[in-house]
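K.L.:
One structure is given below, represented as structure tokens, and several questions about it will come after.
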């Protein structure tokens, strides 16, 4: 049997999931790795720990299932996006910890680009908004922070990669330095229309083109990994959110999914047209195969499921994250409490790097259950803002929102999500849609499936949540939510 091995390298853990051609999960392995917070608003990972944890779970899932590497048809890689790694081309050693997508340390560098008049160029060329979220200013920061790094980069001695590129380089023994269109489109250095690195932005940030990877389709044979003496083709590289979009088989214009993970990421396929957002969203490249490129609108929520982790780890209000669902159901509403979890700023559609978290509406009668329910609802409110912006940009009324990610197990959250957007929310039978998307794309690269129609036939739903809330109540709740958001905005901006 020809298996597909998906390597899912996320923000907090590395995972390996083995699928058979009927999309049945044969085995999984997962390992968390260390999060580093050297200063307020800074987030780092150790690139070598990313690699060792990902290689370890790959070998673990093979050992647990007894599947021989010779029976693996292809490896698919999906990854946390924007996280930035620079390493020495000869030694393979990183020159600095990876700067994670959540990190806000480069906000002042972004402000400088805007002051230099590059905001419109960034929006038009890359489809993004100027923000510390993306890779470009992270590269510049490392080149400034590490003595001699700029000169080494100019001599061609250093390489840049997002996590997909780093894993590909390691798996191929340093033979391949490449990325795909989805990950390149998240760097704030890539022209999504011409589909090449943008000389203007590279020059503005003094980033040598020689350190940037080759950019290819998401579904193609990038190279070969030597696993126990067997050469296994690496058939896909794809950023995690585009992988989930493909895993949900959102391959027609207007089809959309939301991933409820550490953050929340809503993507809508817009077909072969790159739709310019006028409402604070991003234009990005969807997973590509067969030489055809599709685009997507994307809205990013920085703190989604992470707000529940915060309640658990920092406030001690929960023993386990999954306790939130039951506790939220013990009260009929939040008692007027609204939590805006802007711990690292606000993403789409606000793009406020200086926003910070706030809680409003507290009274002496506020209980733990009210706070937990407010946290749960904050996730859905943020997604609702994205849905509204996406419908205005695309001119398409969303019919159904497809949900995935770890927090999609929470029936309370998905029901409230359906109520607050007034649309059905559908959850797939296989919730590992990020890994599944990488596996689908790898399978296409090696001929297990010939096109997306064959894959669409495999998709099955687990549950559909339909709205029950009256429009008047929905409008009132959203109005209060938007008042709360205004209190959070600009809080940390220097005077």
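Each reported figure results from applying straightforward, stated rules to the coordinates on display, with no laboratory input. Values in this document were obtained by computation on a predicted structure and should not be read as measured data. Cβ: placed from backbone, ideal geometry, glycine included. Neighbour counts: every protein chain shown.
K.L.:
Could you state the per residue volume, in Å³, of the convex hull enclosing the Cα atoms of segment 404-493?
P.N.:
Cα-based convex hull of segment 404-493, divided per residue, equals 150 Å³.
K.L.:
Applying a 10 Å radius around every beta-carbon, put 16-24, 38-46 in order of their mean neighbour count, most first.
P.N.:
Most protected by this proxy first, the peptides run 16-24, 38-46.
K.L.:
Sticking with this one: Over 32 Å, how big is the tail of the calculated P(r) for segment 3-239, in percent of all Cα pairs?
P.N.:
The share of Cα pairs beyond 32 Å in segment 3-239 comes to 20 percent.
K.L.:
Given a Förster distance of 56 Å, report the FRET efficiency between residue 451 and residue 495 from their Cβ-Cβ distance, rounded to the nearest 0.05.
P.N.:
FRET efficiency, residue 451 to residue 495: 0.45.
K.L.:
While we're here: Return a whole-number percent for the relative contact order of the chain, with Cα pairs under 8 Å and 6 or more residues apart as the contact set.
P.N.:
14
K.L.:
How big is segment 456-495 by the Kirkwood estimate over distinct Cα pairs, in Å?
P.N.:
The answer is 14.1 Å.
K.L.:
With the radius of gyration and the Kirkwood radius both derived from the Cα set of segment 18-152, what is their ratio Rg to Rh?
P.N.:
Radius of gyration relative to Kirkwood radius: 1.08.
K.L.:
Then there is this: Looking only at Cα atoms, what is the convex hull volume of segment 226-296 per residue, in Å³?
P.N.:
117
K.L.:
What FRET efficiency would be calculated for the residue pair residue 63, residue 194, taking the C-beta separation as r and a Förster radius of 60 Å, to the nearest 0.05?
P.N.:
Efficiency, rounded to the nearest 0.05: 0.85.
K.L.:
Hey, any idea what the orientation-averaged projected area of the convex hull of segment 64-134's Cα atoms comes to, in nm²?
P.N.:
8.6
K.L.:
Can you pull the one-decimal nm distance between simple spin-label points at residue 31 and residue 226, each 7 Å off the Cα toward Cβ?
P.N.:
Distance between label points: 2.0 nm.
K.L.:
Can you run the Rg to Rh ratio on the chain? Use alpha carbon positions and the Kirkwood inverse-distance Rh.
P.N.:
Taking Rg over the Kirkwood Rh, I get 0.95.
K.L.:
Of all the C-alpha pairs in segment 106-204, what % are more than 18 Å from each other?
P.N.:
51
K.L.:
Further, regarding this structure: What whole number of Å gives the distance from the Cα centroid of segment 303-317 to the Cα centroid of segment 462-495?
P.N.:
Here the answer is 19 Å between Cα centres.
K.L.:
Which of 212, 158, 317 comes first, and how do the rest follow, when ranked by fewest Cβ neighbours within 10 Å?
P.N.:
Fewest-to-most Cβ neighbours within 10 Å comes out as 317, 212, 158.
K.L.:
Hey, another quick one. Given the -39500 (n - 2.57) contribution per DSSP H run of 4+ residues, what per-residue ellipticity at 222 nm results for the chain, rounded to the nearest 500 deg cm²/dmol?
P.N.:
-10000 deg cm²/dmol
K.L.:
Could you tell me how far the Cα centroid of segment 340-394 sits from the Cα centroid of segment 70-106, in Å?
P.N.:
After rounding, the separation between the Cα centres reads 30 Å.
K.L.:
Separate question: Starting from the Kirkwood Rh over alpha-carbon pairs, what translational D in µm² s⁻¹ does segment 161-288 have by Stokes-Einstein at 25 °C and 0.890 mPa s?
P.N.:
155
K.L.:
Which distance in nm do the two modelled labels at residue 368 and residue 93 give, with both placed 7 Å along the Cα-to-Cβ direction?
P.N.:
If labels sit at residue 368 and residue 93, their model points lie 4.8 nm apart.
K.L.:
Which peptide among 214-223, 455-464 comes first, and what is the full order, when sorted by highest mean count of other Cβ atoms within 10 Å?
P.N.:
My ranking of the peptides, most packed first, is 214-223, 455-464.
K.L.:
Another question, then. Pull up the DSSP beta bridges for the chain and report the antiparallel fraction as a percent, rounded to 5.
P.N.:
Roughly 70 percent of the beta bridges in the chain run antiparallel, per DSSP.
K.L.:
Arrange the peptides 62-73, 435-446 so that the one whose residues have, on average, the most other Cβ atoms within 10 Å appears first.
P.N.:
Result, highest mean Cβ count within 10 Å first: 435-446, 62-73.
K.L.:
Here's something else I'd like to know. In whole Å, what is the distance between the alpha-carbon centres of segment 278-294 and segment 190-230?
P.N.:
16
K.L.:
A further question on this structure: Evaluated at 10 °C with a viscosity of 1.306 mPa s, what Stokes-Einstein diffusion coefficient in µm²/s does segment 341-423 have when Rh comes from the Kirkwood expression over alpha-carbon pairs?
P.N.:
110
K.L.:
Can you give the direction-averaged projected area of the convex hull of the alpha-carbon atoms in segment 105-157, in nm²?
P.N.:
It is 4.1 nm².
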